[in-house]
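See structure below.
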Amino acid sequence: MKVRVWDLPLRLFHWLLAACVTVSILTGLIGGNAMQYHYWSGYCLIALLVFRLAWGLIGSRHARFWNFVRGPRAILRYVRGDDPRPPHLRIGHNPLGSLSVIALLLVVSLQVISGLFANDEIFNEGPLASYVSGRTSAILTFYHTTIGQPLIYALVGLHLAAIAYYAVIKRENLIRPMLTGDIDTVAGAPASRDTWALRLLALVIVAAGGALAWWISTLGSVGSY
C-alpha cells in the first residue's frame, strides 16, 4: 500500500535547499560578479532554514524532529542491524538518516550565519560584519571559507553516496518518494498530513523567513556569504 510520508512543503524545501546550496557553492568558487547570486542564494537559505526549524516543530508527522531524531544508542543499534521498530513504523528517516539530516541542517546554518559576518577585506562584506569586531569577523570568515565549505562538501558527498548505496545495494529508490511524497509500505503505517491548510501554513512561515532575510540584507551596504 502507498502511504504519504513527505508532505509537499517538505519536498519543496528539500529540492530548494539542494538548489540554493549548489548555487552558493558554484558562485562562491567563481567569485567576481557571480557573488551577487551568492548573496541571494544565502538569503534564500535563511528563509528555508527558518521554515525547516518551524516545520520540525509544527509540521506533518514525519517532518517533526521528535518523530525521527534519535540518540547515539539507537543509531548504534541501527548500524549493527538491530532496529527494534515494528515494520509499519520503519518509514521516514531511519536513525542513521536522522543524524545526517541534523548534521546537514546544522552545518548549513553555521555556514549561513558565518557568512553574515564574513569580510574578505577587498570587495565582499556580510551585512552584519560591521556589527562585530574585526577579529570576530576574521574568525567567522576563516570558518566560512576554510572549515564550513569542506564540511558541506563532505556531507553532500555522503548524502549522494547514501542515495547510491540504497539504489544499488538495497534496491530502494530514495529519490522517488521525495518527488511524489509516497512510499510503498506495510499496512498500518502512519501517514503524514498534507492538506491545503497545512501548505498555506508553510507558505506563511516561508514568507516570515523571507521577511527576516530581507531585513538582514538591509543592515549592511553589501551582502556576502
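Figure legend: label point modelled 7 angstrom from the Cα of Leu12 along Cα→Cβ; residues of segment 19-47 with amide N under 17 Å from it are 19-20, 44-47.
Counted by neighbouring Cβ atoms within 10 Å, the residues Phe117, Phe65 run from fewest to most as Phe65, Phe117. Rounded, prolate or oblate: pick one for segment 122-225, where a ≥ b ≥ c are the square roots of the eigenvalues of its C-alpha gyration tensor, a/c under 1.5 means rounded, and failing that, prolate if a/b is larger than b/c, else oblate. Because a/c hits 1.5 or more and a/b fails to exceed b/c, segment 122-225 counts as oblate. The mean sequence separation of alpha-carbon pairs under 8 Å and at least six residues apart, normalised by the residue count of the chain, gives a relative contact order of 39 percent. Packing, as the average of other Cβ atoms within 10 Å across residues, places the peptides 143-153, 2-12 in the order 2-12, 143-153, highest first. Here Trp196, Trp40, Trp55 are placed in order of increasing Cβ neighbour count within 10 Å, fewest first, which gives Trp196, Trp40, Trp55.
Could you give the alpha-carbon Rg of segment 47-117 over 2.2 N^0.38 Å, rounded to two decimals?
With N residues counted in segment 47-117, Rg over 2.2 N^0.38 Å equals 1.27.
Remark on Ser192: its backbone amide H falls under 5 Å from those of Arg4, Val5, a criterion applied only to residues 5 or more positions apart or on other chains, H modelled at 1.01 Å from N. Say R0 is 41 Å: what FRET efficiency, to the nearest 0.05, do Leu29 and Trp66 get from their beta-carbon distance? About 0.60, to the nearest 0.05. Charges were assigned to the Cβ only: +1 to each Lys and Arg, -1 to each Asp and Glu. The resulting dipole of the chain about its Cα centre is roughly 940 debye. Taking amide hydrogens as placed 1.01 Å from N in the peptide plane, the amide H of Asn119 sits under 5 Å from those of Gly126, Thr141, each at least 5 positions away in sequence or on another chain.
The residue list Ile102, Tyr166, Gly188 was ranked by how far each Cα lies along the charge dipole of segment 98-204 toward its positive end, using unit charges on Cβ atoms, and Gly188 comes out on top.
Annotation: extensible slack from Asp184 through Leu160 equals 6.4 nm (criterion: 0.36 nm per residue apart, minus Cα-Cα distance).
Membrane-span-like helices of the chain, defined as complete DSSP H segments with a Cα extent of 18 Å or more along the helix axis and a mean Kyte hydropathy of at least 1.6, are identified as 8-30, 95-116, 196-217. Between the alpha-carbon centres of segment 92-110 and segment 134-168 there is a gap of 13 Å.
Could you state, as a whole-number percent, how many of the C-alpha pairs of segment 36-177 are farther apart than 26 Å?
On the way: 3814 of 10011 pairs.
Distances greater than 26 Å cover 38 percent of the Cα pairs.
Rounded if a/c is under 1.5, else prolate if a/b beats b/c, else oblate: with a ≥ b ≥ c from the C-alpha gyration tensor eigenvalues square-rooted, which is segment 66-107?
In terms of gyration-tensor shape, oblate.
About its Cα centre, segment 120-191 has a charge dipole of approximately 260 debye under the convention of +1 per Lys or Arg Cβ and -1 per Asp or Glu Cβ, with nothing else charged.
Shape of segment 1-46 from its Cα gyration tensor (a ≥ b ≥ c, root eigenvalues): rounded if a/c is under 1.5, otherwise prolate when a/b > b/c, or oblate? Before the final figure, lay out the partial values.
Details: a/c = 6.28, a/b = 3.23, b/c = 1.94.
Prolate is the answer for segment 1-46, as a/c is 1.5 or above and a/b outweighs b/c.
Largest first and in whole Å, the equivalent-ellipsoid semi-axes of segment 100-152 read 21, 10, 8, each the square root of five times a Cα gyration tensor eigenvalue. Positive-end ranking of Gly115, Pro86, Leu12 along the dipole of the chain, with charges on Cβ about the Cα centre, is headed by Pro86. Of the residues Leu212, Leu110, Leu140, the one with the fewest other Cβ atoms within 10 Å heads the list, and the complete ranking is Leu212, Leu110, Leu140.
Just so you know, all these numbers are worked out from the coordinates, no wet-lab data involved. Treat the numbers as computed from the prediction; the structure is a model and nothing was measured. So basically every Cβ, Gly included, is an ideal-geometry build from the backbone, and we count neighbours across all protein chains shown.
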